[in-house]
Each structure stands twice: as C-alpha cells, then as structure tokens.
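This report concerns only the one structure given below.
The values are calculated or read from the model by the stated rules, or taken from the named source; none is laboratory data. Only a predicted model underlies this, so the values are computations on that prediction, with no experimental measurement involved. So basically every Cβ, Gly included, is an ideal-geometry build from the backbone, and we count neighbours across all protein chains shown.
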Amino acid sequence: MIANTPTPPYYAVIFTNTLSDDTTGYEEVANRMVELAEQQPGYLGMESVRDGLGITVSYWQSLDAIK
C-alpha cells in the first residue's frame with residue numbers, strides 16, 4: 001500500500017520487525033495497530049512491506065501528532 005501523503009513538510013515514523021516462529025495473533029494485532037493509528041489526529045497514512053524483515057512507515061502532520 002502506498003500512502004497518499006500531502007505536499008511536505010510532514011514526519012515519518014519507521015518501524016522494523018522480524019517475525020518469530022510463533023505468529024499466533026500477529027495479523028490481528030497488526031490490523032488493530034493500523035486502526036488505532038488511523039484514529040489519531042495528525043495521521044496521514046502508512047506503508048508496509050515484508051520480505052523477511054518487516055518495515056512500516058507511518059506519516060504524521062507534526063511531532064506532537066507522533067506523540
């Protein structure tokens with residue numbers, strides 16, 4: 001998914017992870033994390049990719065929005 005972000009400036013938060021052998025509940029928690037982020041003031045969008053290493057970038061209007 002590619003985020004539809006506005007013209008800069010804005011801020012990016014980068015989260016990386018690797019999956020353990022037990023992924024029970026991972027998809028549900030990841031989906032809930034996205035739902036909660038989307039409800040926060042200043043949230044602009046998110047991009048994720050997984051190829052062994054998972055990388056998620058979320059975009060925010062301000063440093064206060066990130067907090």
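Taking only region 1-16 into account, find how many residues are within 18 Å of LEU53 (Cβ to Cβ) and modelled with pLDDT of 90 or more. Please lay out each step first, then the result.
Here is the first cut: in region 1-16, the ones within 18 Å of LEU53 (Cβ to Cβ) are 1, 12-16.
Add one more test, that the residue is modelled with pLDDT of 90 or more, and what stays is 12-16.
Looking only at that region, the number is 5.
Considering region 35-61, and only residues there that are surrounded by 14 or more Cβ atoms within 10 Å (Cβ to Cβ) and among the hydrophobic types (A, V, I, L, M, F, W, C), the residue that is nearest to PRO6 (Cα to Cα) turns out to be LEU44.
Residue by residue, here is whether (1) assigned to a loop (DSSP other than H, G, I, E, B); (2) among the hydrophobic types (A, V, I, L, M, F, W, C); (3) touching a residue at least 12 places away in the same chain (Cβ under 8 Å) holds:
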position	(1), (2), (3)
GLU28	no, no, no
MET33	no, yes, no
GLN40	yes, no, yes
GLU47	no, no, yes
GLY54	no, no, yes
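Residues of region 56-67 that are of a type in the set (Ser, Thr, Tyr) and in a helix (DSSP H, G or I): none at all. A count restricted to region 2-26 and to residues that are in a loop (DSSP other than H, G, I, E, B) and at negative phi stands at 15.
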